[in-house]
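Participant: Mind having a look at this structure? Questions to follow.
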Amino acid sequence: MTDGAHDTTVEVRGYLMVLGALLALTLITVAVSYLRLPEAPAVLVALSIALGKAALVAMFFMHLNREKAMVYWPLGLTAVVFVALIAFVLWTEADHLFGTRFTGAFGKVAP
């Protein structure tokens, strides 16, 4: 009976450590927002922190750190498809990103 209580205590301690890490990363995100970084580095830093937080949630709260390797194949495939879709959208719409002026049907510039 003592072993079960010990395992629960260790597991709760791990959850509390992950919670502390998530709170710390949230505070870091807020602190970085006050640095007034240029747009591209700010987005890169914010996405990096968000990726770390998502990994913590997935690994510990969704218990993916104890799963078999076969679970990681669909997750990896999902990540690859997601990146491919985002890259495809950026590739096809790249000409609209950098100040392109859209014209109407008769060559007039759209508002």
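The values are calculated or read from the model by the stated rules, or taken from the named source; none is laboratory data. Because the structure is a prediction, the values reported are computed rather than measured. Backbone-built Cβ (ideal geometry, glycine too); neighbour counts: all protein chains shown.
Participant: Against the condition outside any helix (DSSP H, G or I) and either loosely packed, with under 12 Cβ neighbours inside 10 Å or assigned by TED's automatic domain parsing to the domain that holds residue 16 (or both), how does residue 77 come out, does it pass?
Facilitator: Values: outside any helix (DSSP H, G or I): no; either loosely packed, with under 12 Cβ neighbours inside 10 Å or assigned by TED's automatic domain parsing to the domain that holds residue 16 (or both): yes.
No; evaluated as a whole, the condition is false for this residue.
Participant: Of the residues that sit in the range 47-63 and are touching a helix residue (DSSP H, G or I) at 6+ places or on another chain (Cβ under 7 Å) and either assigned by TED's automatic domain parsing to the domain that holds residue 83 or at pLDDT 90 or above (or both), which one is farthest from residue 18 (Cα to Cα)?
Facilitator: 49
Participant: Take the residues of the range 80-111 that are at pLDDT below 80 and of a type in the set (A, V, I, L, M): which is surrounded by the most Cβ atoms within 10 Å (Cβ to Cβ)? Before you say what the answer is, go through the steps one by one.
Facilitator: Within the range 80-111, the subset at pLDDT below 80 is 93-111.
Those left that are additionally of a type in the set (A, V, I, L, M): 94, 97, 105, 109-110.
Working: 94: 10, 97: 8, 105: 6, 109: 8, 110: 8.
Looking at the filtered set, the residue picked out is 94.
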